[in-house]
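The values are calculated or read from the model by the stated rules, or taken from the named source; none is laboratory data. It should be emphasised that the depicted structure is a prediction, and the values quoted were computed from it without experimental measurement. Note that each Cβ is placed from the backbone with ideal geometry, even for glycine, and that neighbours are counted across all protein chains shown.
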Amino acid sequence: MSMRSDWNAFLDRWAILTLYQRFEQVATLALSFLLIVVILASIWNLFIRILFDLILAGSLDPTDFQSFQMVFGAIFTVIIALEFKRSIVVSLETHDTVFHVRIVVLVALLALLRKFIILDLSKTDAATLAALGFSTLALGGLFWIIRQQDETRAAARKIEANQGTE
């Protein structure tokens, strides 16, 4: 599609939106823009940290756990922001007014994964580890339930579609 047809399609959709739906679209676009700024700043910060703290300082040792934590923690921060940005774009493209819970749970799981990567086990008590582990299990279970529900709905839609063609 060309820019002109995209713009015309946007105007056609915009014309039929209610005032609140327009507000949601503008708020979503604003959040999307702010996340782009955060992602670019995170990538820039990661680049500067790797360049100055690791390469130029001469401490680029892949076996150094603290370097590993710093680099991969920063990378996961960017990944989490990108996934969150993607969920906003998907809601705009599908014209949904509600973010999918599955995506929110996935972002939370990514954030927990980042926490596990940057966690210093020598300074972390057992209660914190247990709480993080329980949170991971709970979110993983919730993600599985949501996925099962989505698969059940998709199967029901497929059966309905097949019955409609008979």
Cβ-Cβ below 6 Å, separation at least six or inter-chain, first residue in segment 1-26 and in contact (Cβ under 8 Å) with a residue 60 or more places away in the chain, second surrounded by 10 or more Cβ atoms within 10 Å (Cβ to Cβ): which pairs? E24/T97
Residues (exposed (fewer than 12 other Cβ atoms within 10 Å of the Cβ), on the phi < 0 side of the Ramachandran plot and assigned to a loop (DSSP other than H, G, I, E, B)) located in segment 17-71: T18, A57, S59, D61, P62, T63
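For (1) under 23 Å from the mean Cα position of the chain (by Cα); (2) in a helix (DSSP H, G or I); (3) within 20 Å of G73 (Cα to Cα), each residue gets a yes or a no:
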site	(1), (2), (3)
L109	yes, yes, yes
L112	yes, yes, yes
D120	no, no, yes
F134	yes, yes, no
A161	no, yes, no
Looking only at segment 90-104, decide whether some residue is under 30 Å from L34 (Cβ atoms), within 17 Å of the chain's Cα centre (by Cα) and at pLDDT 90 or above. no
